Amino acid sequence: MTSVSTHILDTSTGRPAAGVAVELSVRGGPDAPWEPHGTSATDADGRCKDLPAPPETTSHVRLHFDVAPYLARHTRPAEAQQDAPRTDHGPRDSGAFFPEVAVVFAITPGEHFHVPLLLNPFGYSVYRGS
């Protein structure tokens with residue numbers, strides 16, 4: 001069975017990012033429309049262990065991380081950080097430079113895909129974990 005998991009590490013604090021909403025979407029080919037398939041939120045260890053298995057016809061998965069609320073709770077204002085650019089652009093803005101992260105990857109049926117997100121207030125990276 002194909003499975004997908006993820007976790008988030010806040011590299012600015014060296015701690016897991018808890019309470020981040022994650023949406024898993026799937027599609028059956030590069031030109032097929034995205035279909036929402038499940039939602040979760042990271043636990044105290046920054047992990048999503050309960051994402052649903054993609055359907056057998058899935059060729060691509062998209063993980064959408066809503067990081068703005070987490071960053072708003074855990075990031076010092078940019079003005080307090082040396083040489084950090086301002087990111088507050090109005091009352092509707094959370095102040096996050098990257099308010100959301102979308103990661104799209106191709107899958108092979110029958111494999112497990114673990115895709116960690118390394119997050120900080122002004123950048124992020126992802127990789128295929130194990």
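The values are calculated or read from the model by the stated rules, or taken from the named source; none is laboratory data. If you're wondering where the values come from, they're calculated on a predicted model, not measured in any experiment. Positions of Cβ are backbone-derived with ideal geometry, glycine not excepted, and every protein chain shown enters the neighbour counts.
Got at least one residue in segment 92-100 being farther than 24 Å from Arg128 by Cβ, at pLDDT below 95 and aromatic (Phe, Trp, Tyr)?
Within segment 92-100 (the criterion being farther than 24 Å from Arg128 by Cβ, at pLDDT below 95 and aromatic (Phe, Trp, Tyr)), the answer is yes, since at least one residue qualifies.
Go over the candidates Ser5, Ser40 one by one and state the one that is at pLDDT 95 or above, small (Gly, Ala, Ser) and buried (at least 18 other Cβ atoms within 10 Å of the Cβ).
Ser40
Those residues that are surrounded by 13 or more Cβ atoms within 10 Å (Cβ to Cβ) and either of a type in the set (Lys, Arg) or closer than 19 Å to Pro99 by Cα (or both), I need them from segment 49-69; list them, please.
Arg62, Leu63, His64, Phe65, Asp66, Val67, Ala68, Pro69
Quick test of your reading of the structure: Leu63 fulfils all but one of (1) assigned to a loop (DSSP other than H, G, I, E, B); (2) modelled with pLDDT of 95 or more; (3) under 18 Å from Val126 (Cβ atoms). Name the failing condition by number.
Answer for Leu63: the failing condition is (1).
May I ask you to list pairs of residues, at least six apart or on different chains, whose Cβ atoms are under 6 Å apart, with the first in segment 34-45 being assigned to a loop (DSSP other than H, G, I, E, B) and the second being of a type in the set (S, T, N, Q) and surrounded by 15 or more Cβ atoms within 10 Å (Cβ to Cβ)?
Going by the 6 Å Cβ cut-off, the qualifying pairs are Trp34/Ser25.
Of Thr13, Thr57, which residue is in contact (Cβ under 8 Å) with a residue 60 or more places away in the chain and either in a loop (DSSP other than H, G, I, E, B) or at positive phi (or both)?
Sole residue among the options that is in contact (Cβ under 8 Å) with a residue 60 or more places away in the chain and either in a loop (DSSP other than H, G, I, E, B) or at positive phi (or both): Thr13.
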